[in-house]
Amino acid sequence: MENNILILKENLKYLILHDEEIREIIFQIVTKRGYNSSTPLEARICEFLQKRLKVPTNILGYRYLVEAVKIVVVDPSNISRVFANLYAEIANKFETTIPCVERSIRHAIHKSFDQMECPEEIFVYKNGRVPTNSQFIATVAEYIRFNKDLQ
């Protein structure tokens, strides 16, 4: 029984990451109902993270990334105090710890880079290294802020 559940979970992960139709259905659920993206800004962030950066929506770091990018788009000065202010605000909102937020965002970023076809189009990174959390959040926030035509 446990083995069947593990196989089912792995198959579901594969489908979510590799099937564009399923990804689109999840996008519709998350942006319209599940995540409650009540603002156009949140919808733009969700669309960019899912469709362009391939951040899996089924991991906790996705929700934290949406919130982090939203906070930085609204007030760019928050990026300079990531651990003290940004993570603390997200941890407070989602009733978790600061290290959990940091770790979950890092995990989401690494998963995204595993799925992206051409990350160098958006991110400047050296020797194939994945950007830090703050670099990733800042880059996405700038992209969202200066590309109003998303969505």
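Nothing in this text is a laboratory measurement; each read-out follows from the coordinates by a stated rule. Every value quoted in this text rests on a predicted model; they were computed, and no experiment measured them. So basically every Cβ, Gly included, is an ideal-geometry build from the backbone, and we count neighbours across all protein chains shown.
Worth a mention:
- GLN135-SER77 pseudo-label distance in nm [points 7 Å out on the Cα-to-Cβ vector]: 2.6 nm
- Shown in residue order for segment 67-73 are the 3J(HN,Hα) couplings computed by the Karplus curve 6.51 cos²θ - 1.76 cosθ + 1.60 at θ = phi - 60°: 5, 5, 5, 4, 4, 6, 5 Hz (x for Gly and Pro).
- For ARG145 and MET116, the difference between the fully extended length at 0.36 nm per residue and the C-alpha to C-alpha distance is 8.3 nm.
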